[in-house]
Amino acid sequence: MEKFERLTSRAIPLPIENIDTDQIIPARFLKATTRAGFGDNAFRDWRFDKEGKPVKDFVLNDPTYQGEILVAGNNFGCGSSREHAAWALADYGFKVIVSSFFADIFKGNALNNGLLPVQVTPDFLKVLMDTIQRQPDIRLVVDLEQQHIKVEGTSFKEDFDIDVYKKTCMLNGYDDIDYLLSKKEKIAAFEKAGSKL
Amino acid sequence: MKKTLFDKVWDAHVVESIPDGPQVLYIDKHLIHEVTSPQAFQELENRGIPVFRPDQIVATADHNTPTQNQHLPVKDALSRQQLQQLTENCEKYGITLYGLGHPYNGIVHVMAPELGITQPGMSIVCGDSHTSTHGAFGAIAFGIGTSQVAQVFASQCLLLSKPKSLRISVRGKLKKGVLPKDVILYIISQVGTNAGTGYFCEYAGEVFENMSMEGRMTVCNMSIEMGARGGMIAPDQTTYDYLEGKQFAPTGADWDKKLEYWKSLPTDQGAKFDKEYEFDAQDIEPMLTYGTNPGMGIKISEPIPVASNTSFEKSLQYMNFKQGSSLLDQPIDYVFIGSCTNSRIEDFRAAASYIKGKQKAPQVTAWLVPGSKQVEAQIEQEGLKQIFEEAGFELRQPGCSACLAMNEDKIPAGAYCVSTSNRNFEGRQGPGSRTILASPLMAAAVAVEGRIVDITERVPQAL
Ligand code: SF4
């Protein structure tokens, strides 16, 4: 997994609530057996029409907005547990997703792939969304070490929470398998001690 | 200290707690399928890690399988390759696979419970969000991502922070025509799609106590639709009666020992939950969804609500429905009875009870897709297949089918489908498809009438 410390980037606003993982990557694209290439089909049915032509007014097709940060509505990533959604977003080029709420499984999947979910308050999200829409050129600074997000060159800023363990993993580029493998003896002892099952 | 059902099962599986961090949770059973496992096997390969406990893993092929002509080679090349990959991986690592055509094959959340693989007090995971289904037995069961599938392969454990506890109680008796599916759709419409995020939910009260195992599975299945990682119902005599004699259920002295343990699992009186909701069964009617998330549900007698916000408007626009209008008499093009929510024998019995002696509306395409080979066989044995066929219905072979439309079972753009599945997201059943979630009884009635009808006026008594 890639390390994440700090990112300064422009951002893309997607003010829709309850964006589910079926929208992020529709099921018909889940037939691949490797992790690569899902970015091409990220938000497929919002980005392209039936004939495969880009939908003009969808934000990812609008050259006004650029960047590695996606700012989305409440309850992002709900629905299917498909990690393909996190792969698609990361492969598309996003490094950070900002929302006022993330679905559990998506959040875990994102963190396991070096994609940082930044949860902000609904008020902060609203102002942030408006600001980006009014001034698409502004840049956001996401600092994982300091646990804050701000609009570059302004005092508009908010702190965010992240699990201490997960933060360490992100900062160092470690993943859970490394940790769990180091615990194998303890796990075997737990099995021996006899689960009730 | 007084403990909840969830606390008891969770705490019994904690191998280690990291200070200020997550816990290492031991996993008893790991279920896998073709879509979310290949990249996890790949990860092991890349790192040269073996599978730690292959005998605690069970595999099935369900998401990406055809529901017709399963004896022939799978037509779609990518799907065929994905299934082939699963077979090869299972062979290589010594994992039991119930592949296409095997008498135990089926949707992972239908086949594991009916084989007795799912048992009270267990921790169960699968790379599929509806793993919550297995909580109906008083197990901790939840969906995981592919990176986590790899973690369980490697260590039979996961790193997790313990979720908070939530209890939803429904007291009283259900009205006629109201099925378990209506109960859960009603709950989600009341609490919303993220009320459960960060929580594990226990369903309690008379309604769930009186429910069959099939019904309990329908309820726990949709816990994820309110954001909860899992749902649970305390094991009781109904659970034990269902389990006893199943292929992989314990027997003899082992059964007695486990039974004793299972009986200790229900929530202690006075145990505290982080959040509680209470509902009255009499407030629940047959339910329908009108929008593009499962929380957008109404009672059959209610109009679509009126609201002004972009997401709501976008959703109604997609469905081509008007605020404030009723769904009654809405013409329907497709009916899908299937999915891990409603594809068990009881669901087909409910559908058959309405269909018997009637005819499917000619303009409706109806797909009845059993959840497993065993359900398929039972439909035949009980004579339901004949009822369906005489009424002009097509019974397909088991699989996820039009629930996620990964195979060719797709609803065309713009068409309305009344579906017994669990997600009405945009394009879920095929690009541009419009899904209305409902119970199998409602779906059966719609298939016969060709439009949405008030089922309460048409069924003789409570089912
Ligand atoms: S039936 Fe649908 S929800 Fe259930 S496991 Fe299959 S795809 Fe997932």
What whole-number distance in Å separates the alpha-carbon centres of the range A:9-30 and the range B:386-423?
26 Å
Based on the Cβ-Cβ distance of A:R6 and A:T34, what FRET efficiency does E = 1/(1 + (r/R0)^6) give at R0 = 30 Å, to the nearest 0.05?
0.50
Any idea of A:F94's accessible area? Nearest 10 Å², probe 1.4 Å.
10 Å²
Assigning unit charges at the beta carbon (Lys, Arg +1; Asp, Glu -1) and nothing else, what dipole magnitude in debye, to the nearest 20, does chain B show about its Cα centre?
400 debye
Send over a whole-number figure in Å² for the accessible area per residue of the protein assembly as shown, probe 1.4 Å.
36 Å²
Starting from the Cα of A:R134, step 7 Å along the direction of its Cβ; do the same at B:K3; then give the gap between the two resulting points in nm.
5.5 nm
The answer for the net charge of residues other than B:T36 whose Cβ lies under 13 angstrom from its Cβ, with Lys and Arg +1 and Asp and Glu -1, is -2
Most positive-pole-ward Cα, B:V369, B:P331, B:A415, against dipole of the range B:288-457 from beta carbon charges:
B:A415
Computed E for B:E88/B:K246 - FRET, C-beta separation, R0 35 angstrom, nearest 0.05:
0.75
Using label points projected 7 Å from each Cα along Cα→Cβ, tell me how many nm separate A:K186 and A:K50, to one decimal.
5.7 nm
Using a Förster distance of 41 Å, how high is the FRET efficiency between B:D268 and B:A377, based on the Cβ-Cβ distance and rounded to 0.05?
0.50
Net charge near B:Q374 (other residues with Cβ under 12 Å of its Cβ; Lys, Arg +1; Asp, Glu -1) is 0
Considering only DSSP beta bridges where both residues belong to the range A:84-197, give the percentage that are antiparallel (nearest 5).
65 percent
In units of 2.2 N^0.38 Å, what is the alpha-carbon radius of gyration of the range B:249-398?
1.44
Want the number for B:Q237 to B:H102: 0.36 nm per residue separation, take away the alpha-carbon distance, what's left?
45.5 nm
Extend 7 Å from the Cα of B:R47 along its Cα-to-C-beta direction; within the range B:113-128, residues with backbone N under 18 Å of that point are B:126-127
Which distance in Å, rounded to a whole number, links the C-alpha centroids of the range B:219-296 and the range B:1-64?
21 Å
Per DSSP, the loop-located trypsin sites (Lys or Arg not before Pro) within the range A:50-139 having at most 11 other beta carbons within 10 Å are A:K50, A:K56
Once Lys and Arg get +1 and Asp and Glu get -1 on their Cβ, which of A:V71, A:I105, A:Q133 lies farthest toward the positive end of the dipole of chain A?
A:I105
In the range B:288-457, what percent of the accessible surface is made up of carbon and sulfur (1.4 Å probe, ligands and nucleic acids excluded)?
47 percent
How would the range A:139-181 be classified by its alpha-carbon gyration tensor: rounded, prolate or oblate, with rounded meaning a/c under 1.5 and the a/b versus b/c comparison settling the rest?
prolate
Using alpha carbon centers only, the range A:42-102 is separated from the range B:120-174 by a whole-angstrom value of 28 Å
Gyration tensor on Cα atoms of the protein assembly as shown, a ≥ b ≥ c root eigenvalues, a/c under 1.5 rounded, else prolate if a/b beats b/c, else oblate, says rounded
In the protein assembly as shown, what % of DSSP beta bridges are antiparallel (nearest 5)?
30 percent
Out of the range B:52-104, which trypsin sites (Lys or Arg not before Pro) are coil in DSSP terms and have no more than 15 other C-beta atoms within 10 Å?
B:K75
Can you list the chymotrypsin sites (Phe, Trp or Tyr not before Pro) in the range A:109-197 that are in a DSSP coil and have 16 or fewer other beta carbons within 10 angstrom?
A:F156, A:Y174
Charge dipole (debye, nearest 20) of the protein assembly as shown; +1 at Cβ of Lys and Arg, -1 at Cβ of Asp and Glu
140 debye
Percent antiparallel among DSSP beta bridges with both residues in chain B, to the nearest 5?
25 percent
Could you give me the percent of Cα pairs per 10 Å distance bin for the range B:5-275, shortest bin first, beginning at zero and ending with the bin that holds the maximum distance?
7, 29, 34, 23, 7, 0
With every protein chain in place, the residues of the range B:406-425 shedding 50 Å² or more of accessible area versus the chain by itself (probe 1.4 Å) are B:M406, B:F425
Proximal charge balance of A:E185 [Cβ under 13 Å; K/R count +1, D/E count -1]
+2
Give me the percent of the accessible area of the range B:85-133 that comes from carbon and sulfur atoms, probe 1.4 Å, all protein chains in place.
47 percent
Quick check: with the 1.4 Å probe, what order do A:D104, B:D329 take by accessible area, largest first?
B:D329, A:D104
Can you bin chain A into rounded, prolate or oblate? Criterion: square roots of the alpha carbon gyration tensor eigenvalues sorted a ≥ b ≥ c, rounded for a/c under 1.5, prolate for a/b above b/c, oblate for the rest.
oblate
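The values are calculated or read from the model by the stated rules, or taken from the named source; none is laboratory data. Computed from a predicted structure; not experimentally measured. Backbone-built Cβ (ideal geometry, glycine too); neighbour counts: all protein chains shown. To get the accessible areas, we keep the full protein, side chains included, count just its heavy atoms, and leave off ligands, DNA and RNA. Shrake-Rupley method; radii C 1.70, N 1.55, O 1.52, S 1.80 Å.
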